[in-house]
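The structure under discussion appears below in the form of structure tokens.
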Amino acid sequence: MFDSLQDRLGSILNGLTGRGALSDKDVAAALREVRRALLEADVALEVVRDFTDRVRAKAVGAEILKSIKPGQMVVKIVHDELIATLGETQVPIDLNAPSPVVVMMVGLQGSGKTTTSGKIAKRLTEKQRKKVLMASLDTRRPAAQEQLKVLGEQTGVATLPIIAGQGPVEIAIRAEQAARLGGYDVVILDTAGRTHIDEPLMAEMAEIKARAKPHEILLVADSLTGQDAVNLARSFDERVGITGIVLTRVDGDGRGGAALSMRAVTGKPIKLIGTGEKMDALEDFHPARIADRILG
Ligand code: GDP
């Protein structure tokens with residue numbers, strides 16, 4: 001196994017105790033290790049570059065204190081910068097709007113959109129006592145609407161009755177009307193994905209957004225997306241305008257790089273993480289846990 005980043009920084013810097021301040025050269029050696037750890041965690045290159053620039057600005061010239069080892073000093077700078085990038089506080093789903101509040105789920109096919117829709121609906125129903133209606137706008141995959149219906153039955157959450165032949169925008173409008181008439185607090189719109197980002201997908205999302213006026217637009221992304229995470233988050237944010245991110249399959253990812261990449265390029269909070277296939281495998285996002293994983 002590799003030494004953790006903390007250990008590596010310690011072995012590079014701790015010999016400097018008793019000198020005045022961290023020099024360019026000391027910091028450059030430390031930053032090579034930071035860079036390596038971030039790339040091992042699959043943080044996107046451009047994000048790594050900006051991140052190490054910020055750490056450099058804080059570390060070069062920092063006074064070496066007697067009370068704390070230089071390695072620990074730099075570990076603290078890296079840790080604080082990781083937290084600042086990931087977001088200091090936990091940001092919940094925002095339901096602060098007139099009912100029914102529309103929550104639109106977007107993302108690539110297979111990212112976990114439908115599963116996450118079910119998980120969020122279950123959580124809002126059970127923990128926040130909300131009356132939730134789910135609707136699948138995925139008219140491309142024949143089984144998609146049925147899949148959401150089954151999840152609704154499993155979790156005890158209502159789903160919009162399926163009417164064959166309707167397009168995504170029609171379904172979204174029908175869902176909103178049904179929710180209004182039925183006294184629902186929240187409508188979750190599970191949109192269609194594609195295997196990769198393309199213009200028709202973005203155009204469809206933009207149209208649904210314009211008509212359904214969602215209060216929250218959550219990008220669902222697989223945490224194993226790696227270097228593509230930046231492209232994915234940037235494309236959806238620029239074209240559709242997301243309000244938050246849900247990272248899925250965090251149970252299978254020991255590294256946490258996608259979280260840092262997506263948050264850094266969009267500035268949008270990671271609101272929740274998916275940690276398994278089961279309907280209760282949904283957790284709040286804690287920046288410190290990802291920071292600790294990267295520091296090792
Ligand atoms: P969609 O195409 O984006 O709607 O993706 P689905 O919701 O159908 O999910 C695709 C697969 O990923 C399914 O087999 C899910 O059970 C699985 N999945 C979704 N979220 C998670 C998660 O957080 N962890 C794990 N291990 N599997 C997940």
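The values are calculated or read from the model by the stated rules, or taken from the named source; none is laboratory data. Just so it is clear, the structure is predicted and the values come from calculations on it, not from any experiment. Cβ sites come from the backbone with ideal geometry, for glycine too, and all protein chains shown count toward neighbours. The protein model used for the area step is the full one, side chains on, heavy atoms only, and it has no ligands, DNA or RNA in it. Shrake-Rupley method; radii C 1.70, N 1.55, O 1.52, S 1.80 Å.
Taking only DSSP H segments of four or more residues, each worth -39500 (n - 2.57), what value at 222 nm results for the chain once the sum is divided by all its residues, to the nearest 500 deg cm²/dmol? Could the numbers behind the result be given before it?
Values: 11 runs with 144 residues, N = 296.
Per the formula, -15500 deg cm²/dmol.
For a quick check: with amide H placed at 1.01 Å from N, whose amide H comes under 5 Å from residue 158's, ignoring anything fewer than 5 positions away on the same chain?
Residues meeting the amide H criterion: 132, 134.
Can you pick out the pairs among 149/268; 131/268; 122/271; 76/271; 213/271; 58/271 whose Cα atoms lie more than 23 Å from each other? List each step's numbers first, then the result.
Values: 149/268 30 Å; 131/268 27 Å; 122/271 16 Å; 76/271 25 Å; 213/271 20 Å; 58/271 28 Å.
Beyond 23 Å: 149/268; 131/268; 76/271; 58/271.
Using modelled backbone amide H atoms (1.01 Å from N, in-plane), which distant-in-sequence or interchain residues come within less than 5 Å of residue 101's amide H?
Excluding prolines and chain starts, which carry no amide H, the hits are 186, 187.
Please give the net charge around residue 118, taking every other residue with its beta carbon less than 11 angstrom from that of residue 118, where Lys and Arg add +1 and Asp and Glu add -1. If you can, show how the numbers build up before the last one.
Values: positive: 113, 119, 122, 123, 149, 278; negative: 153, 190, 277, 280.
Here the count lands on +2.
Using amide H atoms built 1.01 Å from N in the peptide plane, name the residues 5+ places from residue 44, or on other chains, whose amide H lies under 5 Å from its own.
261
Give me a comma-separated list of calculated 3J(HN,Hα) values for region 200-212, in order, Karplus coefficients 6.51, -1.76, 1.60 applied at θ = phi - 60°, integers in Hz, x for any Gly or Pro.
After applying 6.51 cos²θ - 1.76 cosθ + 1.60, I find x, 5, 5, 5, 5, 5, 5, 5, 4, 4, 4, 8, 8 Hz.
Using a simple charge model, +1 on the beta-carbon of Lys and Arg, -1 on the beta-carbon of Asp and Glu, nothing else, what dipole does the chain show about its Cα centre, in debye to the nearest 20? Write out the running numbers ahead of the final one.
Values: 40 positive and 39 negative charges, 86 e Å.
Charge dipole, the chain, about its Cα centre: 420 debye, nearest 20.
Figure the gain on full extension for residue 210 and residue 177 (residue separation times 0.36 nm, minus the Cα-Cα span) and round it to one decimal in nm. Walk me through the intermediate numbers first.
Details: separation 33, 0.36 × 33 = 11.88 nm, distance 1.58 nm.
Working it through step by step, the gained length comes to 10.3 nm.
Cα axis of helix 45-59 to longest principal axis of the chain: angle in degrees, 0 to 90, nearest 10?
Taking the Cα atoms of the chain, the angle to 45-59 is about 40 degrees.
If a/c stays under 1.5 just call it rounded; otherwise compare a/b with b/c (prolate if a/b is bigger, oblate if not). Do that for region 185-233, with a ≥ b ≥ c from the square roots of the Cα gyration tensor eigenvalues.
Values: a/c = 2.49, a/b = 1.53, b/c = 1.63.
Oblate shape, in that a/c is at least 1.5 and b/c is the bigger or equal ratio.
Treating only the Cβ of Lys, Arg, Asp and Glu as charged (+1, +1, -1, -1), what charge dipole size does region 96-171 show about its Cα centre? Round to the nearest 20 debye. Show your work: numbers first, answer last.
Working: 11 positive and 5 negative charges, 71 e Å.
The dipole magnitude comes to about 340 debye.
Report the accessible area of residue 53, computed with a 1.4 Å probe over the heavy atoms of all protein chains in place, in Å² rounded to the nearest 10.
Probe radius 1.4 Å; accessible area of residue 53 about 80 Å².
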